[in-house]
2 protein chains.
Amino acid sequence: MYAYDKQEKHRMMLNTKQYIAAHQNRFLGELMDFLRIPSVSTSREYAEDVQNAAEFVKQKLLEAGTDQARLIETKGCPLVYGEKMVDKSLPTVLVYGHYDVQPADPYELWETRPFDPVVKEDKIYARGASDDKGQVYMHIKALETLIATKQLPCNVKFLIEGEEESGSDSLTYFLKDQQNHALLQADAVLVSDTALSSLEQPSLTTGLRGIVYLEVEVTGPNRDLHSGTYGGAVGNPINILCQMLSSLKDAHNRITIPGFYDRVEVLSEIDRTALNHTPFVLSKYKEALGIAAVIGEQGYSTIERIGIRPSLDINGIWGGYTGEGGKTVLPSKAHAKLSMRLVPHQEAQEIIAQFTNYFTALVPKGAKVQVKVVHAGSNAVVVNRNSVALQAAKKAFEDVWKKSPVLTRDGGSIPIVAQFKEVLDCDIVLMGFGLDSDAIHSPNEHFGLANFFKGIDTVITFYKHLAALYT
Amino acid sequence: MYAYDKQEKHRMMLNTKQYIAAHQNRFLGELMDFLRIPSVSTSREYAEDVQNAAEFVKQKLLEAGTDQARLIETKGCPLVYGEKMVDKSLPTVLVYGHYDVQPADPYELWETRPFDPVVKEDKIYARGASDDKGQVYMHIKALETLIATKQLPCNVKFLIEGEEESGSDSLTYFLKDQQNHALLQADAVLVSDTALSSLEQPSLTTGLRGIVYLEVEVTGPNRDLHSGTYGGAVGNPINILCQMLSSLKDAHNRITIPGFYDRVEVLSEIDRTALNHTPFVLSKYKEALGIAAVIGEQGYSTIERIGIRPSLDINGIWGGYTGEGGKTVLPSKAHAKLSMRLVPHQEAQEIIAQFTNYFTALVPKGAKVQVKVVHAGSNAVVVNRNSVALQAAKKAFEDVWKKSPVLTRDGGSIPIVAQFKEVLDCDIVLMGFGLDSDAIHSPNEHFGLANFFKGIDTVITFYKHLAALYT
């Protein structure tokens with residue numbers, strides 16, 4: 001069964017390590033070229049950059065030695081597909097990632113420009129450095145290394161999308177078409193879009209929350225009014241919106257939407273204790289964030305609030321005058337963007353309906369409300385902890401990091417993973433190399449060079465263990 | 001006593017009316033030049049335009065025939081002073097107004113450009129058309145007409161400021177200096193910066209609310225966070241701000257700040273009945289605003305909510321991601337601008353302190369709050385209904401509008417009026433010619449040509465009656 005003996009392991013590791021060492025400056029330079037493309041998928045003004053980023057990935061897959069790499073056009077941003085088939089009898093891994101990035105604003109809080117990558121103190125700073133271009137590029141370079149050193153032990157497919165940050169609508173549509181399933185058929189989907197517990201403590205993510213992202217608009221009078229002439233007599237949409245939004249949680253920080261918790265799994269005390277058994281230190285967490293206290297659902301620890309409990313956050317709010325000085329306006333409209341993170345068994349579509357019914361009922365007579373779905377929702381994911389692929393991933397971490405990875409549950413969402421699991425009926429490996437401190441979605445996003453290069457090594461070792469376990 | 005006999009009245013009216021008719025196109029053209037200057041005082045980027053507007057007013061006062069007109073430099077925007085002294089034994093009127101305007105945003109809701117005035121359907125459309133450039137210009141042209149036709153019956157001083165829309169700090173400072181009081185000494189201060197009940201029903205404003213304008217900032221974590229990785233475990237400043245703001249009013253729309261109503265006068269049923277005796281029609285009001293219901297303090301009519309009750313409105317709110325699509329951010333900060341309108345006896349400084357104490361106590365551990373005063377507050381004003389100046393104003397309306405003006409209380413504030421009253425110990429006349437439907441502080445602000453020209457006529461007639469009553 002386990003044909004991957006110590007001597008061979010040593011020879012192969014030297015080979016791939018030597019190759020990486022010889023090419024590391026080029027690897028980094030190419031990643032910086034990738035990071036220079038402002039491929040923000042949530043805003044149409046970057047449409048050309050998004051296209052350029054897709055072309056870049058295709059080109060680098062071809063240069064890495066894939067048999068084929070091509071763009072698959074969609075109604076939105078193109079998918080990039082590439083493959084290197086070694087032998088049909090070997091296991092096949094589908095690498096999923098995304099070439100799009102979050103918007104970079106607020107720009108004024110960046111110490112260096114978001115699309116002008118800079119290496120400082122062994123970290124590369126740029127929007128997308130960690131989420132997810134750095135991690136996608138790690139996979140491309142792992143494949144190049146294995147092909148160049150003639151050691152690729154399995155078949156590898158790549159599917160890199162451009163709408164992960166804006167809801168993955170096009171890939172969702174693509175996956176729904178059965179005709180596309182053969183192309184993507186794999187034994188495991190491998191995703192590097194999550195974080196390690198720390199550089200000292202590797203981890204594998206075994207759960208992701210789902211997400212629903214909505215925008216709400218409250219309309220009062222048909223035009224902006226003078227707040228002196230009308231103030232106190234006409235409902236102010238900002239006051240009303242604040243009132244409505246604050247009604248979404250009670251004094252215990254529990255979400256008040258009727259039915260919201262109905263399907264939420266209640267974990268046993270044993271499972272909760274196991275979940276809380278991590279190297280997490282609350283005082284350090286608070287210190288790193290500069291907060292005097294954490295705020296969350298009463299009765300749960302921070303680890304639980306992130307891993308097994310749903311959440312509701314207002315992601316943006318705007319209305320009235322927001323410039324310098326004052327304007328005594330009673331505005332016609334007020335807006336907010338908000339998202340809910342879902343845990344296993346909660347159904348995104350049901351949550352959208354529950355929210356919409358509840359929220360629209362909150363508006364007083366004298367104002368109107370509209371609820372708009374910004375992203376198609378996604379359900380939570382739980383990874384099979386006993387799969388062959390997860391065993392291979394554990395062994396890869398043990399080899400490269402000299403430490404067994406802990407199994408964690410992430411608070412974030414990768415909307416498409418739930419669909420991969422359902423449609424392709426394969427194992428899922430969430431093998432991320434970021435860190436929570438990478439400031440993804442924030443100013444000054446960065447990715448450690450150690451994370452990048454150790455990541456390449458871990459991915460290579462994973463392929464070898466997977467092939468060995470399948471033999 | 002009353003030397004202004006019918007025959008003389010007829011001769012003079014003809015003369016001034018003929019002069020206005022002969023020059024009406026020029027009057028309008030000059031007003032349009034005035035409106036083209038984007039003199040927004042709340043934003044530093046318009047500093048040069050504000051200066052240009054002051055120069056424009058000075059120049060037009062000189063052209064009107066004043067003895068002197070000059071800029072009085074301040075730490076902020078210059079004051080424009082001008083005077084035409086006829087005879088020291090005659091009464092003196094101090095005309096107060098402002099050449100600054102509100103910001104014009106949201107620009108996209110303007111049908112024509114805010115600083116490119118256009119006459120449509122007998123109305124002039126531009127930012128400042130009604131508030132207050134149109135009304136200031138009315139006074140300059142009334143003075144020009146009286147000087148040109150050699151009929152000026154009293155002394156007239158002008159004091160036109162450039163910070164009315166941003167708190168009148170410089171004029172407040174100027175008024176505090178006793179050395180300046182002689183320059184401004186007058187029997188009456190005449191202000192045209194309010195609205196008529198309607199074109200069919202003239203009115204004189206006898207009360208103005210005071211105002212306090214604040215900005216609040218809630219800070220949570222020290223940087224923007226990913227709402228998946230942290231959502232549910234870290235206090236979100238937007239959620240917290242909404243919660244805090246919604247705590248400022250109870251279910252009856254009463255403001256909850258402790259002590260806020262302590263000094264508010266309780267009117268007798270007789271006074272309330274008198275106040276509600278206006279041509280106001282609620283159904284038309286709602287229809288004009290496109291709202292199904294009014295929302296305000298329980299137990300009071302719309303007229304009362306505006307005229308005799310204080311209010312609290314959020315004038316602006318912002319935080320997190322407000323662009324297209326979605327960004328799953330848990331932001332570091334959230335902000336709001338809010339103002340309170342005060343009624344007689346409430347003390348602006350006391351209200352600021354009450355608000356600050358209450359609001360800062362609302363913030364949960366895990367977040368911080370800052371309260372900033374945007375404008376120095378102003379107290380409410382009540383005009384003496386029995387003054388000689390108010391009698392002259394009533395007679396002027398009766399002559400020109402053929403109808404006795406109703407006495408109203410406005411919801412708006414003209415911060416400096418309270419200080420004039422206190423410092424100069426003179427009568428106040430709030431003789432505004434705008435309409436509530438002029439969309440001041442809103443897109444598509446406009447001012448009726450009839451309001452402008454009838455306003456000139458009314459001001460001229462007021463001077464004559466005032467002089468006659470003083471004889």
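Relative to the dominant Cα principal axis of chain B, helix B:237-246 is inclined by about 60°. The orientation-averaged projected area of the convex hull spanned by the Cα atoms of the range A:216-310 comes to 9.7 nm². The peptide list B:131-144, B:247-260, put in order of mean Cβ contacts within 10 Å with the highest first, becomes B:131-144, B:247-260.
When the Cα gyration tensor is reduced to axis lengths a ≥ b ≥ c, the ratio a/c is 1.5 or higher for the range A:186-238, and with a/b above b/c it is classed as prolate. Under the simplified labelling scheme, the A:Met85-B:Gln298 pair shows an inter-label distance of 7.3 nm, with each label point 7 Å from Cα along Cα→Cβ. Label-point spacing for A:Glu324 across the identical copies (point 7 Å from Cα in the Cβ direction), in nm and ascending order: 2.9.
For chain B, the mean residue ellipticity at 222 nm estimated from helices alone is -11500 deg cm²/dmol, where every DSSP H run of n ≥ 4 contributes -39500 (n - 2.57) and the total is divided by all residues, rounded to the nearest 500. B:Arg26 sits among other residues whose Cβ lies under 13 Å from its own Cβ, and their net charge, with Lys and Arg +1 and Asp and Glu -1, is -2.
State whether chain A is rounded, prolate or oblate according to the following rule on the C-alpha gyration tensor (a ≥ b ≥ c being the square roots of its eigenvalues): a/c under 1.5 gives rounded; otherwise a/b larger than b/c gives prolate, and the remaining case gives oblate. Note, shape of chain A comes out prolate.
The alpha-carbon of B:Lys403 sits under 16 angstrom from the alpha-carbons of these aspartates and glutamates, leaving out residues fewer than 8 places away in its chain: B:Glu200, B:Asp457. If you take every residue apart from A:Leu175 with its C-beta less than 13 Å away from the C-beta of A:Leu175, what net charge results, scoring Lys and Arg +1 and Asp and Glu -1? Within the 13 Å Cβ shell, the charges total -4.
Counting pairs of Cα atoms in the range B:1-156, how many percent are more than 28 Å apart? Percentage above 28 Å: 28. Taking the range B:417-471, how much of its Cα-Cα pair set, in percent, is spaced more than 13 angstrom apart? Summing the P(r) of the range B:417-471 above 13 Å gives 71 percent of all pairs.
Each Lys or Arg adds one and each Asp or Glu subtracts one; over the other residues with Cβ under 10 Å from the Cβ of A:Asp193, this totals -4. Here the scattering of the range B:271-312 is modelled by Debye summation over its C-alpha atoms, one equal scatterer each and no solvent; at q = 0.30 Å⁻¹ the log10 of I(q)/I(0) is -1.17. Projecting 7 Å from Cα along the Cα-to-Cβ direction, the label point of B:Lys88 sits 11.5 nm from its equivalents in the other copies, listed shortest first. Taking a straight Cα-Cα cut-off under 12 Å and skipping sequence neighbours fewer than 8 places away in the same chain, the aspartates and glutamates within cross-link reach of B:Lys421 are B:Asp187. Label-point spacing for B:Lys403 across the identical copies (point 7 Å from Cα in the Cβ direction), in nm and ascending order: 8.3. If R0 is taken as 45 Å, the Cβ-Cβ distance between A:Val373 and A:Leu62 corresponds to a FRET efficiency of 0.75.
Length available on full extension from B:Ala21 to B:Ala288: 0.36 nm per residue minus the Cα-Cα distance, which gives 92.8 nm. How many nm separate the modelled label positions at A:Ser437 and A:Leu109, each set 7 Å beyond the Cα in the direction of the Cβ? Here the answer is 1.8 nm between the modelled labels. In terms of its alpha-carbon gyration tensor, the range A:246-374 comes out oblate; a/c meets the 1.5 threshold, while b/c is at least as large as a/b. Straightening the chain between A:Ser43 and A:Val388 buys 120.2 nm, computed as 0.36 nm per residue apart minus the Cα-Cα spacing.
How many percent of all Cα-Cα pairs in the protein assembly as shown sit more than 46 Å apart? Please list the in-between numbers first.
Numbers: 180970 of 443211 pairs.
Tail of P(r) above 46 Å: 41 percent of Cα pairs.
Roughly what angle does helix B:6-35 make with the longest principal axis of chain B, taking Cα atoms, 0 to 90 degrees, to the nearest 10? Computed tilt is about 40 degrees.
Candidate cross-link partners of A:Lys372 among the lysines, defined by an alpha-carbon separation under 19 Å and a same-chain spacing of 8 or more, comprise A:Lys333, A:Lys337, B:Lys327.
Helix A:449-470 and the longest principal axis of the C-alpha atoms of chain A enclose an angle of approximately 60°.
Each reported figure results from applying straightforward, stated rules to the coordinates on display, with no laboratory input. These figures come from a predicted structure and were not determined experimentally. Cβ coordinates were reconstructed from backbone atoms using ideal geometry, including for glycine residues, and neighbour counts include every protein chain displayed.
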